[in-house]
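Comments concern the structure below.
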Amino acid sequence: MTPLLSDVTVNGEAISAAAIADEAQNHPAPKAKPGLAWVAAARALAIRALLLQEAARRGLTPDPQAVAEGQVETADEALIRQLLDEALDPVAPSDADLRAAYEAAPDRWRAPTLYEAAHILLPVRPGDAEGLAAVQAQATALLAQITKDPRAFEALARSNSACPSGQSGGRLGQLISGDTVPEFEAAMDALTEGEIAATPVATRYGLHILRLDARAIGDVLPYESVAPRIQEMLEKAAWANAARDFVTQLSEQATVTGVKLNAA
């Protein structure tokens with residue numbers, strides 16, 4: 001097993017353990033397995049080194065471009081972009097490819113689902129274990145009252161919810177897919193109309209006592225209206241595959257120590 005504090009070399013170029021440790025902060029991993037973040041960081045820096053070495057071999061000169069208002073690429077970022085622009089030639093998807101992607105998963109191309117829901121928000125800061133325990137106890141007590149008398153939902157929302165919707169009995173009005181955080185939307189999808197979630201729904205904002213009042217699943221959109229989106233999706237996938245193959249080719253020709261790139 002690779003030691004967590006070992007250096008990495010790419011064609012003789014050293015990448016220090018300190019640099020890998022700094023990069024590891026950008027690679028989340030389970031608390032019980034911090035080594036996964038280290039390995040991911042080591043791979044990322046090794047691939048970066050491979051690409052910059054190839055850019056130098058090709059004699060590329062950095063030409064940084066603006067990537068956002070007030071933000072310009074670094075010289076290394078520019079070199080990697082220029083290298084990939086020069087080296088990659090992904091195959092453009094054909095009309096047949098677009099049609100096949102549409103017909104393979106038509107449900108993916110539906111109009112947004114419409115929801116009407118109500119909730120009681122009990123806020124808690126991420127990582128606040130003591131606060132979470134208190135809020136869980138409060139949520140359990142509120143759910144017990146609502147289970148006994150569902151009509152109490154609105155009054156309890158007014159007196160307990162930290163969301164402005166509490167003043168409207170917890171009603172959120174009409175929502176569409178993407179209006180809420182994914183975990184909240186997933187909870188709405190799991191309920192039947194009129195159902196109250198049996199357990200509090202946890203999101204980054206805290207715990208929610210959730211009631212789904214109505215749901216209207218969007219119709220499958222006609223192919224012509226979604227073809228541009230499908231084309232963009234397939235073009236991005238083709239570019240990503242070409243980039244992966246290019247990095248694989250470089251790594252197979254390189255001498256790398258301290259980390260394996262075959263799982264990158």
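The values are calculated or read from the model by the stated rules, or taken from the named source; none is laboratory data. Since the structure is predicted, the reported quantities are computational estimates derived from the model, not experimental observations. Cβ coordinates were reconstructed from backbone atoms using ideal geometry, including for glycine residues, and neighbour counts include every protein chain displayed.
Among all residues of region 195-204, there is at least one that is under 30 Å from residue 160 (Cβ atoms), in a loop (DSSP other than H, G, I, E, B) and within 22 Å of the chain's Cα centre (by Cα). Please tell me if residue 92 is surrounded by fewer than 12 Cβ atoms within 10 Å (Cβ to Cβ) and among the aliphatic types (A, V, I, L, M). The answer is yes for residue 92. Examine region 217-232 for a residue that is in a loop (DSSP other than H, G, I, E, B), more than 30 Å from residue 94 (Cα to Cα) and touching a helix residue (DSSP H, G or I) at 6+ places or on another chain (Cβ under 8 Å), and state whether such a residue exists. No: region 217-232 contains no residue that is in a loop (DSSP other than H, G, I, E, B), more than 30 Å from residue 94 (Cα to Cα) and touching a helix residue (DSSP H, G or I) at 6+ places or on another chain (Cβ under 8 Å). Before we move on, is residue 42 assigned to a helix (DSSP H, G or I), at pLDDT below 95, touching a helix residue (DSSP H, G or I) at 6+ places or on another chain (Cβ under 9 Å) and closer than 22 Å to residue 244 by Cβ? Against the criterion (assigned to a helix (DSSP H, G or I), at pLDDT below 95, touching a helix residue (DSSP H, G or I) at 6+ places or on another chain (Cβ under 9 Å) and closer than 22 Å to residue 244 by Cβ), residue 42 qualifies. For residue 67, the conditions (1) modelled with pLDDT of 90 or more; (2) under 18 Å from residue 243 (Cβ atoms) are fulfilled apart from (1).
Being acidic (Asp, Glu), surrounded by 13 or more Cβ atoms within 10 Å (Cβ to Cβ) and under 20 Å from the mean Cα position of the chain (by Cα) is a property that residue 232 lacks. Being closer than 16 Å to residue 200 by Cβ and either outside any strand (DSSP E or B) or among the aromatic types (Phe, Trp, Tyr) (or both) holds for only one residue in 117, 157, and it is 157.
A single member of 36, 52 is among the hydrophobic types (A, V, I, L, M, F, W, C) and at pLDDT below 95, and it is 36.
The single condition among (1) without any contact (Cβ under 8 Å) to a residue 12 or more places away in the chain; (2) assigned by TED's automatic domain parsing to the domain that holds residue 166; (3) buried (at least 16 other Cβ atoms within 10 Å of the Cβ) that residue 120 does not satisfy is (1). Scanning region 172-213 for residues that are of a type in the set (D, E, K, R) and surrounded by fewer than 18 Cβ atoms within 10 Å (Cβ to Cβ) yields 179, 183, 189, 193, 195, 204, 213.
Can you report the number of residues in region 222-231 which are farther than 13 Å from residue 101 by Cβ and in contact with a Pro (Cβ under 9 Å, 6 or more places away or on another chain)? Full working, then the answer.
Taking region 222-231 as the starting set, the residues that turn out to be farther than 13 Å from residue 101 by Cβ are 222, 224-225.
Now restrict to residues that are in contact with a Pro (Cβ under 9 Å, 6 or more places away or on another chain): none.
Counting residues in region 222-231 that are farther than 13 Å from residue 101 by Cβ and in contact with a Pro (Cβ under 9 Å, 6 or more places away or on another chain) gives 0.
Out of all the residues in region 53-63, is one or more of a type in the set (Gly, Ala, Ser) and assigned to a helix (DSSP H, G or I)? Yes: one or more hits. Can you confirm whether region 98-106 contains a residue that is of a type outside the set (Phe, Trp, Tyr), touching a Lys or Arg at 6+ places or on another chain (Cβ under 9 Å) and under 25 Å from residue 223 (Cα atoms)? Checking region 98-106: at least one residue is of a type outside the set (Phe, Trp, Tyr), touching a Lys or Arg at 6+ places or on another chain (Cβ under 9 Å) and under 25 Å from residue 223 (Cα atoms). Count of region 9-33 residues, restricted to those that are over 20 Å from the mean Cα position of the chain (by Cα) and not basic (Lys, Arg), is 15. Scan region 79-108 for residues that are farther than 19 Å from residue 59 by Cα, at pLDDT 95 or above and in a helix (DSSP H, G or I) and the total you get is 10.
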